[in-house]
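Here the structure is laid out as structure tokens; the discussion comes afterwards.
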Amino acid sequence: MSADNILAERLQGQPVPREGTAVPERAVPFWNDPGKRALLFQALLLAMLGFLIYSVVSNTLDNLESRGITTGFSFLGDEAGFGIPLSLIDYTEADSYGRTFVVGLLNTVLVSALGIVAATLLGFLLGVARLSDNFLVAKLSATYIEIFRNIPLLLQIFFWYFAVLQALPSPRQSLELFGGFLNVRGLSVPRPVPEAGFGLVVGALVLGIVATLLLVRWARRRQEATGRIFPSHWAGAGLIVGLPLLAFLVAGMPLSLDRPELRGFNFSGGMTLLPELVALWLALTIYTAAFIAETVRGGILAVPGGQLEAASALGLPKGRTLRLIVIPQAMRVIIPPLTSQYLNLTKNSSLATAIGYPDLVSVFAGTTLNQTGQAIEVISMTMAVYLTLSLLTSLFMNGYNKRMALAER
Amino acid sequence: MKYAIEPALPAPANTVGAIGWMRQHLFHGPLSSAATLIIAFLAIYLLTPVVQWALIDADWIGDSREACSSGGACWVFIGTRLEQFLYGFYPSAETWRLDLAFVLLIALIAWLAVPRLPFKGRVSAFTLLFYPIVAYYLLSGGAFGLTDVETHRWGGFSLTLVLAVVGIVAALPFGVLLALGRRSEMPIVRSLSVVYIEVWRGVPLITVLFMASVMLPLFFPEDMSFDKLLRALIGIILFQSAYMAEVVRGGLQAIPRGQYEAADALGLSYWKKMILIILPQALKLMIPGIVNTFIALFKDTSLVVIIGLFDLLAIVQAAGNDPDWIGFATEGYIFVALMFWIFCFGMSRYSQHLERKLHTGHGNRA
Amino acid sequence: EGTLGSVKQRGWLQCGVTNGVPGFSVPDAQGNWQGLDVDVCRAIAAATLGDARKVKYIPLTAKERFTALQSGEVDVLSRVTTWTLARDAQLGINFAGVTYYDGQGFLVKKDLGLKSVKELDGATVCVQSGTTTELNLADYFRSNGLSFTPVVFDTNEQAAGSFNSGRCDAFTTDLSQAYGLRTRMSDPEAVVALPDVISKEPLGPAVRQGDDQWFNIVKWSLFAMLNAEELGVTSANADEMKASDNPNIKRLLGVDGPKGKGLDLADDWSYQIVKQVGNYGEAFARNVGMDSPLQVERGINALWNQGGFQYAPPMR
Amino acid sequence: MTQPSIQQQNLAVELRGVNKWYGEFHVLKNINLQVGKGERIVICGPSGSGKSTMIRCINRLEEHQQGDIIVNGTRLTEDLKKIEQIRRDVGMVFQHFNLFPHLTVLENCVLAPMWVKKVPRREAEATAMQYLERVRIPEQAKKYPGQLSGGQQQRVAIARSLCMNPDVMLFDEPTSALDPEMIKEVLDVMIELAREGMTMLCVTHEMGFAKTVADRVIFMDAGQIVEENEPHEFFNNPQHERTQLFLSQILQH
Amino acid sequence: MTQPSIQQQNLAVELRGVNKWYGEFHVLKNINLQVGKGERIVICGPSGSGKSTMIRCINRLEEHQQGDIIVNGTRLTEDLKKIEQIRRDVGMVFQHFNLFPHLTVLENCVLAPMWVKKVPRREAEATAMQYLERVRIPEQAKKYPGQLSGGQQQRVAIARSLCMNPDVMLFDEPTSALDPEMIKEVLDVMIELAREGMTMLCVTHEMGFAKTVADRVIFMDAGQIVEENEPHEFFNNPQHERTQLFLSQILQH
Ligand SMILES: Nc1ncnc2c1ncn2[C@@H]1O[C@H](COP(=O)(O)OP(=O)(O)OP(=O)(O)O)[C@@H](O)[C@H]1O
Ligand SMILES: Nc1ncnc2c1ncn2[C@@H]1O[C@H](COP(=O)(O)OP(=O)(O)OP(=O)(O)O)[C@@H](O)[C@H]1O
Ligand SMILES: [Mg+2]
Ligand SMILES: [Mg+2]
């Protein structure tokens, strides 16, 4: 065989054979063939699972039957007959159980969204503070984190609700602050009511946003073309705030305030933030922020010191280093655990039931379940909601991770 | 030619010592100085009244609310109820059984945690296999001349511990199976494990407890009935095993491939390979993760108040409703918070310590 | 077989009670259960097992109670539960009688100077979730054209506590419980019950549907207590009364008459109830009435021949 | 190419037309190799040429897709029993030792005899100590692998394999993860083993070792056996260009 | 000690009586050094002697506490503007490359010109490609750092610094994290750079490089400059015992 021959042969690897191994001379007994054994094992497993499901289902049906409990989702159309103190859509006692599901779901979304925003802000602040050069700032943040993440959330909810908020004065003795009233029934603040001409302000806001987007694009193009840098965030912030403000003034301030007033037992008019919502929101925020802070700290620490040194050595000022080097790298590390914190917060919002905030679990898996007795349907629907949420989240995360994965050899 | 090593000079005074430290850590630029001053002021301003209330003005001794007259915290409330907070409604003549079970557990764990002590394998086998049986008979009695104490009399901190410890210990074997399933090459086994794990991790514990308390009885034949505590435990274990599976998976992934190959090359079968080689190594790596899930579960056990079990939080809250002690809820909450905090913080420190040790010590000379 | 069989075999009765409602079922500091509902459990145990102490109390939340009964976790549910059509018809349970004729009422702070529920328009009302109370509240306000904001809690204690701290203007629950909870408020004197009663709340023990023998036992345990009161038999005088000439008393104490056969119980089953638990009047007085901190009047819970509703079929 | 004539029944390992793919990548191309009982084979070749893959196929750490591998007369198939049989007969020593860190040296050595061959512990320990003496570290028996130097660890790995009393030993670059001064300890043990007549297939670039003990040197490139010769011929008179190139690189340092 | 006489105005970098402490630890002791424009200085010395610290003071990655550092006639003070100015004039290449992993090679190179010097992208890219060609990896421009070998990454790091058109280049052990075959690629680039007249201060133990390009070799120990000489003299006739000892160790292998 000549060297050339070998070389030639080497260049052409043969394709993978279609049918795999040649036929064996003696059939292998199936219990010794790992492939067949795996098949058998899995078939057995499936059969067992099937039997389990079958027995659970048949037991359940028997039990329901013998107890005379009806099954099915038809109860969702029946009249609920109980009140819900907070609803983002119209709801009265005469609405159906199906609607209580939606009301509860929306309330869950409300408190989760509020919590996510606040916990993110507080968490980032604390995470950065924990890395501060200033000893007191760093220790303060560390103390906060160590205290709040090691105490059960439920206890914190109880604390805020029963020990703090219920110690507030009654409506008659409300504390007045900035035109709002704080009392044991919550915080009542004026509600802005748009009047004719308010459309102009909204229009200006939209315009401001669009203009900012264009401006950012223009600034980038100009920098690429001429190298000059335009402070587009400041200009953008100015546009978004300034334009509507200008329109507001020009249109003659077309906004009136619906002030809360003590009428009868309660404040009417204005907007009232329920104490249940506030307690839950506070507790979720404070608890989750401690975890987010750790995530953020981890993300920032994950950017090697050498990156900062390299940026400094290139002459990048601190602000730009942060924006161009640190944040893009830290965010890759932060976002996956951050999303799971968001998910945790959403799941934790179900503790609402302990203080009577009307979230999904409290309204639907609580009152509706009790009134109808349809445990299976109600619990399954509730679980399905949370499950869907977490599936969506992990779907998003997988996509994100794929897109963001650093290219490596 | 020799050269002289110049003597090291002392650093400029303002860069070292207390002054240097303060310059660097407290007054590094105007922003930092401002932050320092504000925080120092706030700390003094806010902490003084708290310390005043909780310590200086507080009442410590007495046995009724009359003892609490000074306007500070009323720790008498905690003191008189302490036994109930710790043992629930467990008959006071029998509380030594709880103490014994607890001390035994601590002793076993301490044995496992101290690196020097021998027989680790046997002690951990005892802890995982026999201790639960011993503890079961100690707690519920009904054999060996111990009087029967029904589970609805269990409560307080001991119930919290029972829920958390049983939840973790029982979830561990399921977690191992699920993790092995998730890493299996058999597609059905793998997908079933994945579905199980993701479903339980996707729902809040509270709905799981609801399910355990209202749906579980429907799933079993009519004549089978479970104790409420047992149902809660089933829910917790189902839920926790999914989290445990992920911890175990992390441990398994950290075992180098060479270990699997060496075991294969020696002709060990799958289960022998797992039990003799892989799991013992993985378990060690998993301890920090297990401790962390334990902390999470320990905090989460407080949710059982929602299905009407009297854990520490619930029993303190109920005590706060006692007409004799109305108005001392804050003291109660602080007490509970302190109990939980001490345990959780202690454990998290321990797990961090282990993590560091594993990080630096893994594969090195022991 | 059946529930009776399993109770006898097991040697104790499993009775579902509350987590703690003063006067009805509440554990004392030693964990011993007391209350009117508890006495019903004890009566059934005395009838079936001959020993009123052979009861295992299972505290249940409002949410769990029906499932606990349905699944057989408890043999009888004696837990301030209102007898309604829906519960009888859809939940697969049967109510075995009424231990306490209750009605839903309202507690308000005295200083508001309210005279009637009708004046509560726009009020915030604390209420326990998952009870008929919550539905009655909504029905009543709606039918009277009043508006209100409900604040819903998992337990009655939390609802009462929140009312106490001013979270709500009114607290609504069955009046029986309202009195008990009022004693736990920081200033019970400052809280009054409005005179209106907005619903009928007949409270009674319930059993699973489909076990008629057990249903009868529970029903007649209760009737035995009522008959004893009507006949003046008490735990103190039960032994002397055995010698009474009154045929009704003889039948009640198992000296004569149908005895225990039809129910598959010991012949002295009703004697044991009276002896160990006492008659209905005793139980009432001890737990909720004038001998108790609750100080509830007999009112409509008096016997039929004393102006109340309590009426038991004759034992013959 | 001279093919030493070996009688069929005396073969310890035989590969016939073995082909293997990783996905689409053809990693072993029509490998034919016969190893007689007691033969010592050294396999060398550039990185990625498939040396490891080939010897890992022999004890089925990797599956091949075409061709036959016959060890001690047993043909490797899907049959688990046969695979177990072959793994019992074939010992393997890895580049990174792969000792079990949670077990002492002695426990490492008795594990497989006890659990695979079901030898009583006492007997297994006696055998183990014997082999530990042969690799000259009986005094380390109670230590954990993490407490030993690399050279000592590799010697334990060899002893561990020997405890199963294998007919064939496979070595995959057993010295390449070691510091220079430790290489010698391990090579000495291997040379001794070779002298005692163990059948060995050894992937290594230690040419000194090859010259001292190998009966044949096999040179692989791009998944094929390019050249196969007795060591003296192989080093002094390589036939193929590729071999010459490789040897020139390797002998440089 | 011979001090090459360099005219004051032609100095690129000057250190006058620089002292630095880490806490209580006196890490730079009275350092005096003058580097003329176009001079190539190699700094060597045992580990921990303060070499890195010294060159990191020059572009203010570390702060010194006493003495003056003057770069291109500008004295380093707290003044941020001056620090930025100096950093623009001084390029630095690190031992571990410190490329930005989230940006492509080209983006790494144009980042500083665009955001610090405000050069239009097209122009910055043209310059970058030019330097990438000079370090002989123009074809890798679109790849991410993680996809390159160590030697390639280090060449990108050099190109990235060059894109800012610095007057002085600092190198801190640029080849010590590389495999032997990659070291050469990087040294070749550095030698070329030196030939073109770039002022360079290079901490390295590559004595071949020092001999080829250095104008002066500086030996540091325990925070001081012990010896300073032109390479031939330095290697063949070291003055100080400490230097001799060090050289004897380093030249061994
Ligand atoms: N699991 C795998 N999947 C895909 N390709 C693989 C895998 N393992 C090895 N390869 C490829 O197969 C080829 C042969 O690998 P092998 O490890 O047998 O080479 P080798 O000759 O032992 O090289 P070295 O001297 O580096 O150990 C290499 O190109 C390698 O990249
Ligand atoms: N941030 C720091 N804090 C305290 N001491 C430090 C710090 N950085 C470096 N040192 C110490 O200063 C001394 C000089 O460090 P430097 O990195 O300059 O040495 P070097 O000569 O570059 O050594 P090498 O060849 O190992 O890189 C060392 O003893 C080191 O331990
Ligand atoms: Mg290899
Ligand atoms: Mg250095």
Restricting attention to the stretch D:171-209, the residues that are within 16 Å of ligand 3 (Cβ to nearest atom) and not hydroxyl-bearing (Ser, Thr, Tyr) number exactly 11
Over the stretch E:236-251, the set of residues open to solvent by 20 Å² or more (accessible area, probe 1.4 Å), in contact with a strand residue (DSSP E or B) (Cβ under 9 Å, 6 or more places away or on another chain) and assigned to a helix (DSSP H, G or I) is E:ARG242, E:ILE250
Checked pairs for the stretch A:42-67, first away from chain C (no Cβ under 14 Å) and farther than 15 Å from C:THR67 by Cβ, second open to solvent by 70 Å² or more (accessible area, probe 1.4 Å) and assigned to a helix (DSSP H, G or I), C-beta under 8 Å and 6 or more apart or across chains, list as A:GLN42/B:PRO187
Restricting attention to the stretch D:87-112, the residues that are within 7 Å of chain B (Cβ to nearest Cβ), closer than 14 Å to D:GLN147 by Cα and either open to solvent by less than 10 Å² (accessible area, probe 1.4 Å) or in a helix (DSSP H, G or I) (or both) number exactly 1
Looking across the stretch B:182-228 at residues that are of a type in the set (A, V, I, L, M) and not in a helix (DSSP H, G or I), the single one that is most open to solvent (accessible area, probe 1.4 Å) is B:MET224
Condition set away from chain B (no Cβ under 11 Å) and open to solvent by less than 20 Å² (accessible area, probe 1.4 Å), scope the stretch D:56-70, selection farthest from ligand 4 (Cβ to nearest atom): answer is D:ILE69
| request: Would you check if D:SER161 is open to solvent by 20 Å² or more (accessible area, probe 1.4 Å) and among the hydroxyl-bearing types (Ser, Thr, Tyr)? | output: no
When restricted to B:ILE277, B:ILE287, B:ILE295, B:ILE315, the only residue at the interface with another protein chain (Cβ under 9 Å from one of its Cβ atoms) and under 24 Å from the mean Cα position of the chain (by Cα) is B:ILE295
Any hit, the stretch A:271-283, residues being more than 14 Å from chain E (Cβ to nearest Cβ) and part of a loop (DSSP other than H, G, I, E, B) | yes
Hey, does the stretch B:96-110 have a residue that's free of Cβ contacts under 8 Å to residues at least 24 places away in the same chain, open to solvent by 60 Å² or more (accessible area, probe 1.4 Å), within 22 Å of the chain's Cα centre (by Cα) and farther than 30 Å from C:ASP28 by Cα?
yes
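A quick yes/no check of all residues on (1) away from ligand 4 (no atom under 16 Å from the Cβ); (2) closer than 13 Å to E:VAL93 by Cα; (3) buried (at least 22 other Cβ atoms within 10 Å of the Cβ):
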{"site": "E:ASN165", "(1), (2), (3)": "yes, no, no"}
{"site": "E:LYS184", "(1), (2), (3)": "yes, no, no"}
{"site": "E:MET190", "(1), (2), (3)": "yes, yes, yes"}
{"site": "E:VAL203", "(1), (2), (3)": "no, yes, yes"}
Checked the stretch A:166-211 for anything within 14 Å of another protein chain (Cβ to nearest Cβ), small (Gly, Ala, Ser) and over 30 Å from the mean Cα position of the chain (by Cα); matches are A:ALA167, A:SER170, A:SER174
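Every residue, every condition in (1) of a type in the set (D, E, K, R); (2) surrounded by fewer than 18 Cβ atoms within 10 Å (Cβ to Cβ), yes or no:
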| site | (1), (2) |
| --- | --- |
| B:VAL16 | no, no |
| B:HIS25 | no, no |
| B:PHE41 | no, yes |
| B:LEU46 | no, yes |
| B:PRO49 | no, yes |
| B:ARG65 | yes, no |
Pairing a residue in the stretch B:1-17 that is more than 7 Å from chain E (Cβ to nearest Cβ) with any residue that is open to solvent by 80 Å² or more (accessible area, probe 1.4 Å) and modelled with pLDDT of 75 or more, where Cβ atoms lie under 7 Å and the two sit 6 or more apart in sequence or on different chains, gives B:ALA13/B:ILE19; B:ASN14/B:ARG23
All-but-one check, E:VAL119 against (1) open to solvent by 10 Å² or more (accessible area, probe 1.4 Å); (2) among the β-branched types (Val, Ile, Thr); (3) more than 7 Å from every other protein chain (Cβ to nearest Cβ), failing number (3)
Picking from E:GLU233, E:GLU185, E:GLU192, E:GLU181, the residue that is within 16 Å of ligand 1 (Cβ to nearest atom), assigned to a helix (DSSP H, G or I) and of a type in the set (Asp, Glu) would be E:GLU181
> open to solvent by 60 Å² or more (accessible area, probe 1.4 Å), within 20 Å of A:SER188 (Cα to Cα) and of a type outside the set (A, V, I, L, M) - does that describe any residue in the stretch A:210-224?
Replying inline: no
Flagged in the stretch D:46-60 as part of a loop (DSSP other than H, G, I, E, B), among the polar types (S, T, N, Q) and near ligand 1 (Cβ under 7 Å from one of its atoms), in numbering order, are D:SER47, D:SER49
Subset of the stretch B:1-44, residues among the hydroxyl-bearing types (Ser, Thr, Tyr) and assigned to a helix (DSSP H, G or I), comes to B:THR15, B:SER32, B:SER33, B:THR36
- Right, A:ILE53: modelled with pLDDT of 85 or more and outside any helix (DSSP H, G or I) or not? no
How many residues of the stretch B:23-44 are within 14 Å of chain E (Cβ to nearest Cβ) and not charged (D, E, K, R)? The answer is 5
All-but-one check, C:VAL218 against (1) β-branched (Val, Ile, Thr); (2) more than 14 Å from chain A (Cβ to nearest Cβ); (3) over 30 Å from C:ALA266 (Cα atoms), failing number (3)
Answer with yes or no whether B:LEU47 is over 30 Å from A:LEU131 (Cβ atoms), without any contact (Cβ under 8 Å) to a residue 24 or more places away in the chain, more than 14 Å from chain C (Cβ to nearest Cβ) and assigned to a helix (DSSP H, G or I). no
Test for E:GLY73: is it surrounded by fewer than 17 Cβ atoms within 10 Å (Cβ to Cβ), more than 16 Å from ligand 1 (Cβ to nearest atom) and not acidic (Asp, Glu)
yes
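The values are calculated or read from the model by the stated rules, or taken from the named source; none is laboratory data. Source: prediction; values computed, not measured. We place every Cβ from the backbone using ideal geometry, glycine too, and count neighbours over all the protein chains shown. Just the protein is used for accessible areas: all its heavy atoms, side chains included, with ligands, DNA and RNA removed. Shrake-Rupley method; radii C 1.70, N 1.55, O 1.52, S 1.80 Å.
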